[in-house]
Amino acid sequence: MNAALPDVALAESSAILAALDEVGMAGIDLPLRLDGPNGPEVVRARAEIGVDLPVPDIKGIHMSRLHRLLGEFAASQSLQPAALGSLLQACLASHEGCGSQRARLSLDFEWLLYRPALMTPGLGVWKAYPVRVEAHWEAGRFWVDAWVTVVYSSTCPCSAALSRQLVEQAFSAQFGSSATVSVQAAADWLRDHATLATPHSQRSEALLGVRYTEGDGPFALGDLIDLAEEALGTPVQTAVKRADEQEFARLNGQNLMYVEDAARRLHQAMATRFAVHQVRVIHRESLHAHDAVAQVSQGWAQR
């Protein structure tokens, strides 16, 4: 069909002789098959795919070949490390004439998980978790980095201590001259004045990365999300009634954490399941005009 059409990429050489680290496409819409907790499902993903162009005088790659291979993958394969490895090998084989030795594919999508309310029976809705999967093939080696973002609430331990001190001082000022204070009088005072000062808290994000190779089994992203939310104790909620909001307040009070605390909690929890992982935590401060960040990894620098 294209025999009579000009092919500039093959017929002409590049005017500037330089190898390129990567050439490809970004922003490709793709139906992506996932093996979720409730069975197979299809989500909308945005793909970026490319190969290197190491031969300086070759004008360009064959983008339509990458596009076709990506479409065939989406139509027949679910998201698994082995399937991604096969896709990248096929991308390199389709560009053998270009001397390509590296290939990369990234997929961005949101994974919906059903989340019940903390206390109210039968109440719950779906919650979206941003996911990025980035697969690499380089010098005969293959690996996949999968990233999940978990949003949670963090209450500052220092602010909590300062708030408790103010409440303590106000209580002493009210009842310090009394030899005894009845339980009812103390309860009444606390009901009206326990929030004389409140600690600051903020919506926070944990970016969790795990590494897979071609021989690894299915992605365990749902397990990773559950593991992280359990370790943190204060994931943001979906539908709530007053009882759920009260329980959320209790959980925040029982899980005071600096950004360092959150990073260490997540690192400890992930080490039980994922040999190679990375944690980056961001507390979007409500006290400061800047964010607080912390990062920790295990085996991440080794590839």
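The values are calculated or read from the model by the stated rules, or taken from the named source; none is laboratory data. Predicted, not measured: the structure shown is a model, and the values here were computed from it. Cβ sites come from the backbone with ideal geometry, for glycine too, and all protein chains shown count toward neighbours.
Overview of values
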item	result
Pick from the range 237-257, criterion closer than 30 Å to D145 by Cα and touching a Ser or Thr at 6+ places or on another chain (Cβ under 8 Å), ranking: surrounded by the fewest Cβ atoms within 10 Å (Cβ to Cβ)	N255
Only one of T238, T198 that is in a loop (DSSP other than H, G, I, E, B), in contact with a Gly (Cβ under 8 Å, 6 or more places away or on another chain) and hydroxyl-bearing (S, T, Y)	T238
Exclusive hit being of a type in the set (G, A, S) and assigned to a helix (DSSP H, G or I), set A15, A47, A90, A4	A90
Hey, D21 of a type in the set (D, E), under 16 Å from S100 (Cα atoms), buried (at least 17 other Cβ atoms within 10 Å of the Cβ) and modelled with pLDDT of 95 or more or not	no
Members of the range 42-70 found to be under 29 Å from the mean Cα position of the chain (by Cα) and without any contact (Cβ under 8 Å) to a residue 12 or more places away in the chain, listed by number	V42, R68
